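Peer 1: I have a structure here, written as structure tokens, and I will follow up with some questions on it.
The values are calculated or read from the model by the stated rules, or taken from the named source; none is laboratory data. Note that the structure is a prediction, hence the values are computed from the model and not measured. Reconstructed Cβ throughout: ideal geometry from the backbone, glycine too, with neighbour counts over all protein chains shown.
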Amino acid sequence: MKESYLKVKLFREMRKRNIYFFRAVVTGVAGVPDIVVCCKGKFVGLELKNSNSFEATMKKWTPIQRYTARKIIEAGGFYTILCYYNNAYQAICYSSISQLQNKCEVKQFSTIEEFLNFLEGSNA
């Protein structure tokens, strides 16, 4: 699934749920998450990746994206990387610096709806 199709599907479902979000289109600023989300009082920087494995996805994560994730977490927000492959959505949700520094659990979701249920109900 192309990243653009993943965005369309995600945006459609977030609108249905009345989740506030916007695409972070910033020219000249590297590392900004693809989508900024406010969900049930939580600030979430959401990065979408298109890859054929989650390991490959993490290799695409740049140092400036890691720095941005750290700043969001230090400010009390969450940082999530979402990718789609093998007919499933996979996500890593960071909510603390220790999670960012260590290997974090990859969560599996069969649908966008399931991912958003997790996002709405969890403390990431």
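Peer 1: Among what's in the stretch 113-124 and is within 18 Å of GLY45 (Cβ to Cβ) and at pLDDT 80 or above, pick the residue that is surrounded by the fewest Cβ atoms within 10 Å (Cβ to Cβ).
Peer 2: Filtering first and then ranking leaves GLU120.
Peer 1: Sticking with this structure for a sec: Could you give every pair whose Cβ atoms fall below 7 Å, whose first residue belongs to the stretch 1-22 and is over 13 Å from ASN117 (Cα atoms), and whose second residue is assigned to a helix (DSSP H, G or I), counting only separations of at least 6 or pairs across chains?
Peer 2: As it stands, the answer is LYS9/ILE112; PHE21/MET14, since those pairs meet every condition given.
Peer 1: Which ones in the stretch 16-39 are closer than 20 Å to PHE109 by Cα, surrounded by 11 or more Cβ atoms within 10 Å (Cβ to Cβ) and either over 14 Å from the mean Cα position of the chain (by Cα) or of a type in the set (Val, Ile, Thr) (or both)?
Peer 2: Once the filter is applied, which keeps residues that are closer than 20 Å to PHE109 by Cα, surrounded by 11 or more Cβ atoms within 10 Å (Cβ to Cβ) and either over 14 Å from the mean Cα position of the chain (by Cα) or of a type in the set (Val, Ile, Thr) (or both), the stretch 16-39 yields ARG17, ILE19, ILE35, VAL37.
Peer 1: Also, I was wondering about something else. Consider TYR84 against the criteria (1) under 23 Å from MET14 (Cβ atoms); (2) assigned to a helix (DSSP H, G or I); (3) of a type in the set (Phe, Trp, Tyr): it satisfies all of them except one. Which criterion is unmet?
Peer 2: (2)
Peer 1: Which one is modelled with the highest pLDDT among residues in the stretch 1-36 that are out of contact with any strand residue (DSSP E or B) (no Cβ under 6 Å at 6 or more places or on another chain) and of a type in the set (Ser, Thr, Tyr)?
Peer 2: Ranking the candidates gives TYR5 first.
Peer 1: If you don't mind, there's one more thing I want to ask. Which of the residues that make up the stretch 41-80 are part of a strand (DSSP E or B), among the aromatic types (Phe, Trp, Tyr) and surrounded by 16 or more Cβ atoms within 10 Å (Cβ to Cβ)?
Peer 2: PHE78, TYR79
Peer 1: Let me ask you something else. Do we find a residue being crowded, with 20+ Cβ neighbours inside 10 Å, at negative phi and touching a Cys at 6+ places or on another chain (Cβ under 8 Å) anywhere in the stretch 93-107?
Peer 2: Yes, the stretch 93-107 contains at least one residue that is crowded, with 20+ Cβ neighbours inside 10 Å, at negative phi and touching a Cys at 6+ places or on another chain (Cβ under 8 Å).
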